[in-house]
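The structure follows.
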Amino acid sequence: GPAPPASAADVPEPQRAQTVRPAAPGIPPALEHAPDKRLAAQRTVAPVSLPPQAPVERRHPIRERRGWFFLRQPWRGLIAKFSIGVAVASLLVAYQNQLPQSPPAEPRSAATGNPARTVSSGETASLATSARTLPEPAVIGAHDGALVALAHTNGSRIVTVGADRTLRVWDATAGAPLRTVALTDGPASSVAVDGDTAVTSHGDGTIALWDIEAGRRLGSYKSGAASVTATAIFDKGARFASAGGDGRIQLWERQALSGPVSVTEAHAGAVTSLARFEARDGLLTGGADKALKLFGATGLQSIRRYRGHRGAVTHIDSVAGGSLLASGDDDGQLRFWSIASQRLIRKISAHDGAMTALRISPRTDVVATAGADGILKLWDARRGRLIASAKPQGGRIRGLAFVDGGRRLLSGSEDGRIRSWDLQRVEIARD
């Protein structure tokens, strides 16, 4: 059999040295078999150099591609519902357009139950084609300068004031001048008449009371305002009112020479018109604040406010026993109000420019207006229709008055002339 393996003692010395395991790389042979553990700890390991590796390509994670936000859930569902709704609505509108249409109901005034219409300037122009032209007027007299204001005495006389610093009284029936009074306080800015008494206002704030029959001044009063723009008179001159650019109205008594007996703040801005309210003992005021108001004529207590004007209220008028109140503004708008219910009945675009004069006929259904366009117009107040018109020579009309029971109309213009218009030849439709 095979011989047993030889032990280390049986191997010769030289051969045994050859079988000793070579020292680890980087470790000195003297330390390879060092018994001291502290020496073993000092062994150093040589760095192992690894073969170079190919670079690894980094790949970004694949993200989910998203569209516009309104194409995501839940927007897609909402958009689909909306599209269906639009389609259904379009079908309903198309179907409705195929149905026969009835004319819309015309709004009615709460005052009278009649339609409360707005007559535009375009419609006024179309009405003018069917309206008559007023016959040529007769000139009954003139101021030596521009006419400023005109007032009627509710009789056969009219009173005018002009830039020539005179107050003149005229016989409206005969068409002749009766009296001329020199105004010692300068040119008048307004005039109001009741019976034989007239009141005038002046640029320096003076108010004068006149006996037009005797042609003399009854009294002079200082308003304290920078200017007085309008006046009104009651009880044949026993009481009168004034208004100015400070927005206040003042109530005076003839015997109280020291000052007004009552003062109130009427408007936020100048008072641009003032008139006696014929339906009751009151004062109508119009202001630059576009407001139309009614005050009591005893204590100037506020009674009513009419709303709707788009410009400063320049003229107001009412008639005793009538049911209408008429007002005009600097936008050329004419408005009719119900006295009983305070409601707006009708509004009309009457003139191209500010209204310069306004008067209601004693017949109460005819209203005369004049504007900055130089045109004189007659209106059917009940229907809101233009009856007749004319454009006289002489510039803007500053005052109007119906005389002879409404059969004639007097006008005063910037050329100082007073013209008389015969209305008996003008046909006015009646129910």
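None of the figures in this text is laboratory data; all of them are computed from the coordinates on show. Note that the structure is predicted; figures quoted are calculated from it, not measured. When we count neighbours, we look across all protein chains shown, and the Cβ atoms used for this are built from the backbone with ideal geometry, even at glycine.
What is the fewest-to-most order of V191, V169 by other Cβ atoms lying within 10 Å of their Cβ?
V169, V191
Which value, in Å³ per residue, describes the convex hull spanned by the Cα atoms of segment 295-384?
So the per-residue Cα hull volume is 96 Å³.
Apply 1/(1 + (r/R0)^6) to the Cβ-Cβ distance of D196 and A89, taking R0 = 45 Å, and write down the FRET efficiency to the nearest 0.05.
Step by step, r from the Cβ atoms, then E = 0.05.
Ignoring solvent entirely, what values of log10 I(q)/I(0) come out of the Debye formula for segment 335-431 at 0.22 Å⁻¹ when each Cα is a single scatterer?
-1.19
Name the residues whose placed amide hydrogens come within less than 5 Å of the amide hydrogen of T314, ignoring near sequence neighbours (fewer than 5 apart) on the same chain.
G328, D329, D330
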